[in-house]
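The block underneath contains the structure these notes are about, expressed in structure tokens.
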Amino acid sequence: MRNASPSPEVLSPSAIANPQVLLLGSLVLAVVILAPDISAVFLAARKKAQSKGNSLLLVGPSDGGKTAILSTLLYKQTLSTHTSMQTNMAQISLPPTNKSLRLIDVPGHPRIRDQFREYMSDAKAVAFVVDASTISRNGAAVAEHLHHVLHVLMSLPPTQTPPAFTIVAHKCDLLKASATASAEQLAVNRVRTILERDLSKRKSSHAGGVGVESLGAEGEEGAELGGLECSGSGEFKFADWEGGEVSFVGTSVTVGKAAVVGDEKKDRLSPLREWLVKLPY
Ligand SMILES: Nc1nc2c(ncn2[C@@H]2O[C@H](COP(=O)(O)OP(=O)(O)OP(=O)(O)O)[C@@H](O)[C@H]2O)c(=O)[nH]1
Ligand SMILES: *[C@@H]1O[C@H](CO)[C@@H](O)[C@H](O)[C@H]1NC(C)=O
Ligand SMILES: [Mg+2]
């Protein structure tokens, strides 16, 4: 990572008193002030938003591209990033209506990833970001992470409007388009197919009474983890998931490149932006 490109690695509630974090925070603030045409400001760290249901939660395995997506939505430019050890938060306004949206980027590190539960009550939308170029060899681990997210989505109190949910097949630039399909279509199909296969495996191992390993902070070791309920056959199919509708988008960003924002031109994060704009407010 170059010195000139601070990542938006700031404003964790737990680290607010740390002088290094404060220093980094002021550096990032300087970038925000110096950057022209910036339509976003960092929020003061706060666990609960004042407005309900106004956040986009970015979750998913480490190295998927969550922080790169956050920086692209925030700065209209993709900063170089490294593995996050803290939750990043930022406030953006989303064209064309300029409605404000809080971005919450929860690191994929196994010891931190479950923090996304704290932000669930504010979530208008949840995006599970996956590296489509490595899903073939990481399917089981990605499915394990996704299983936790699906479980939490299905266990929300009935009083809460469930957040919209999308799976982002990211890093499409690393896939080759075929004669009949774009890289984005191939990425979405690959991610969907592999995750359905690996979630089906998890489902059938449950049915056989086999405990699921590494069930996170709550010590549910050996207990059955729900969240994979589907109508129809025993297979896991996103189309049949009882937790609600699951969307898929194929995206990519380019480090160092400006992202074109606006109506006339599209960049490769547009499928995610378009999904966000369509959400009911
Ligand atoms: N080729 C390519 N690389 C990308 C893309 N998006 C992100 N990357 C790179 O992938 C790496 C990981 O991206 P991050 O945004 O840091 O990943 P993350 O999901 O925030 O990971 P954690 O913070 O560890 O949870 C970085 O080196 C990014 O520059 C993309 O669309 N295409
Ligand atoms: C949204 O913001 C942009 C840039 O600040 C501005 O040009 C546009 O008119 C705004 N749109 C609405 C609907 O307010
Ligand atoms: Mg990150």
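Quick note: the coordinates plus some simple rules give every number you see, no bench work behind them. Note that the structure is a prediction, hence the values are computed from the model and not measured. Every residue, glycine as well, gets a Cβ built from its backbone with ideal geometry; the counts of neighbours run over all protein chains shown.
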Quiz item: Over segment 84-172, what relative contact order in percent results from Cα pairs under 8 Å that are six or more residues apart?
Solution: 28
Practice problem: Determine the alpha carbon to alpha carbon distance for each of K66/K99; K171/K278; K99/K237; K201/K278 and list only those over 27 Å. | Solution: K99/K237; K201/K278
Quiz item: Is segment 51-277 best put as rounded, prolate or oblate by its Cα gyration tensor, with a ≥ b ≥ c the root eigenvalues, rounded for a/c under 1.5, and otherwise prolate when a/b is larger than b/c, oblate when not?
Solution: prolate
Exercise. Would you work out the charge dipole size for segment 51-277 about its Cα centre, treating the Cβ of every Lys and Arg as +1 and the Cβ of every Asp and Glu as -1, and quote it to the nearest 20 debye?
Key: 760
Quiz item: What length, rounded to one decimal in nm, is gained on full extension from E224 through to T83, with 0.36 nm per residue of separation minus their alpha-carbon distance?
Solution: 47.7 nm
Practice problem: Would you please put 186-197, 75-86, 57-68 in order of how densely packed they are, using the mean number of other Cβ atoms within 10 angstrom per residue and starting with the highest? | Solution: 57-68, 186-197, 75-86
Quiz item: Taking amide hydrogens as modeled 1.01 Å from N in the peptide plane, which residues meet the under 5 Å criterion relative to F248, leaving out close sequence neighbours?
Solution: I167
Quiz item: Residue by residue, what Karplus-based ³J(HN,Hα) values in Hz, rounded to whole numbers, does segment 105-112 have, using 6.51, -1.76 and 1.60 with θ = phi - 60° and x for Gly and Pro?
Solution: 10, 8, x, x, 3, x, 7, 10
